[in-house]
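Before any comments, here is the structure.
The values are calculated or read from the model by the stated rules, or taken from the named source; none is laboratory data. Everything numeric here is computed off the predicted structure, so don't read it as measured data. Neighbour counts are summed over all protein chains in view; Cβ atoms, including those assigned to glycine, are modelled from backbone coordinates with ideal geometry. In case anyone asks, the SASA skips ligands and DNA or RNA and just uses the protein heavy atoms, side chains included. Shrake-Rupley method; radii C 1.70, N 1.55, O 1.52, S 1.80 Å.
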Amino acid sequence: MPKPIIDPPYEVLDPRAKGLFNKTAKLERLYDGCRWAEGPAYFPAGRYLVWSDIPNNRMMRYDETDGSVSVFREPSNNTNGHTVDRQGRLVSCEHLGRRVTRTEFDGTVTVLADRWQGKRLNSPNDVVVKSDGSIWFTDPAYGIDWDYEGARAESEIGACHVYRIDPDSGAVDIVADAFKRPNGLAFSPDESKLYIADTGASHFENGPRHIRVFDVQDGRSLKGGEIFATCTNGMFDGFRCDEDGRIWTSAADGVHVYDPDGSMIARINVPEIVANVCFGALRRNRLYICGTTSLYAYYVLVRGAKTF
C-alpha cells in the first residue's frame, strides 16, 4: 500500500513559490491499483483523463464529473506517454507496438510513426504536439530492454533519439541524438524552447538524470541542449509547463517545481515515485499525478500552459 499522504503536501523552497499553492487544498488519491502509472492526458471536452498502466497492458480513464474510474482500452500495446492534439484526438506512444499512434474520433487507430529510415523504432515513450501540428516524441529502449513493459528485442536503430513527425508529409526525422535514454519532453508556453529529460542513469553508471533545454528553430529543428536542471531525488521522467513557464516535473519523492531560470523553488510530496504529470480541469489548475500504483490530483493556484 502507498504511504500516507502528508498534509500539507507542498514545501516552498524559494519565495518565488509562495503564490503557487492553496493552504486548504488537499492531495487526493483518486485511484490505487496500477503496477506503473504513466502518461496522463486530459480531455477538456469530456472532462476526463486517460493514463497508462504499462505492465498491466491497459489504459485507464478517470471521469472528473463523477469521480469514477474505468478501463479505457485493454490490451493497450503497453502504451506509455499520451497527449491530446489540437483537434482533440488522443496521441499515444506504444512500447509493445514500437510506434506512435492516434486514436480517431470513431475509435480507430492510425499509425503515425513506427520506423525511421526503414528501421523499427525502439519503444516510443513520451510525446507532445506543437501548435503547427507536428508531433515530437522520445524513443528510449525501455520497452525492448525487458518484457515487463513490452517485449525484449534488439534495437534496430542502435541508439535512442528524439524525433519529429511532419504534419504535412508524415516524415519522421531525428531532432536530437545525444541522449542515453530520452524520456519526458515539453515545450515552453511560447514554443520557443523544448525541454527533454534524460534518464540514462537507469542503465548507465553515473548516467544522466537531468532535463536539457533546446532552442526551437524554424519550428522544426533544435539548437543548444544545455542542462536545465539535475534531479536531486531519483530521476526526472515526465513533466509539464505552467503558463508562466515553470516546470512541474516527476521525481522519486514527488513533484519538483522549477523556475524558468532552472532553480528548484517548490516540491509536492507524494507518497510514491512519480512518473508523470499533466494539468487538467476546466481552468487547467488541477495537477494530475501518476505515482507508481496510483493516480493523484492536486489543485494549485496557477494554470498549466495551454496546449489545446
**OP:** Could you rank the peptides 285-293, 38-46 by their average count of other C-beta atoms within 10 Å per residue, with the highest value first?
**Re:** 285-293, 38-46
Original post:
Just the Cα atoms of region 132-253, one point each, no solvent: what log10 I(q)/I(0) does Debye give at q = 0.12, 0.17, 0.19, 0.20 Å⁻¹?
Top reply: -0.45, -0.90, -1.10, -1.19
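Step by step: find N for region 13-122, compute 2.2 N^0.38 Å, then divide the Cα radius of gyration by it. What's the final number? It would help to have the intermediate numbers written out before the result.
Details: Rg = 16.6 Å, N = 110, 2.2 N^0.38 = 13.1 Å.
Working it through for region 13-122, the quotient is 1.27.
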Subject >> Accessible area of region 173-308 divided out per residue, in Å², using a probe of 1.4 angstrom >> reply: 36
Subject >> Kirkwood-based shape ratio for the chain, expressed as Rg/Rh from alpha carbons >> reply: 0.93
Subject >> Where labels lie 7 Å past Cα in the beta-carbon direction, separation of Asp147 and Glu243 in nm >> reply: 4.9
**OP:** Count the net charge of all other residues whose Cβ sits under 13 Å from the Cβ of Asp53, scoring Lys and Arg as +1 and Asp and Glu as -1.
**Re:** 0
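Measuring with a 1.4 Å probe in the full set of protein chains, what accessible area per residue, in whole Å², belongs to region 1-143? Display every interim value, and only then the final one.
Working: 6080 Å² over 143 residues.
Each residue of region 1-143 exposes 42 Å² on average to a 1.4 Å probe.
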Subject >> Per-selection Kirkwood Rh - region 59-199 (Cα, Å, 1 d.p.) >> reply: 15.5
Original post:
Using the Cβ atoms and a cut-off under 13 Å, what net charge is assigned to the surroundings of Arg16, where Lys and Arg are +1 and Asp and Glu are -1?
Top reply: -3
**OP:** Return the FRET efficiency for the residue pair Lys18, Val109: r is the Cβ-Cβ distance, R0 is 41 Å, and the value is rounded to the nearest 0.05.
**Re:** 0.35
**OP:** With a 1.4 Å probe and every protein chain kept in, tell me what percent of the accessible surface of the chain is carbon plus sulfur.
**Re:** 46
Original post:
Using the Cβ atoms and a cut-off under 9 Å, what net charge is assigned to the surroundings of Lys306, where Lys and Arg are +1 and Asp and Glu are -1?
Top reply: +1
Subject >> Count, lysine Cα pairs under 29 Å in the chain, 8 or more residues apart or across chains >> reply: 21
Original post:
Can you give me the relative contact order of the chain as a percent, contacts being Cα pairs under 8 Å and 6 or more apart?
Top reply: 18
**OP:** Have a look at Ile174, Ile196, Ile273 and tell me which one the Gaussian network model of the chain (Cα, springs below 10 Å) gives the largest fluctuation.
**Re:** Ile174
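Taking R0 as 22 Å, what FRET efficiency do you get between Glu226 and Gln117 from their Cβ-Cβ distance, rounded to the nearest 0.05?
Working: r = 29 Å, r/R0 = 1.30.
Here the calculated transfer efficiency is 0.15.
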**OP:** Using R₀ = 22 Å, calculate the FRET efficiency as 1/(1 + (r/R₀)^6) where r is the Cβ-Cβ separation of Glu156 and Glu205; round to 0.05.
**Re:** 0.30
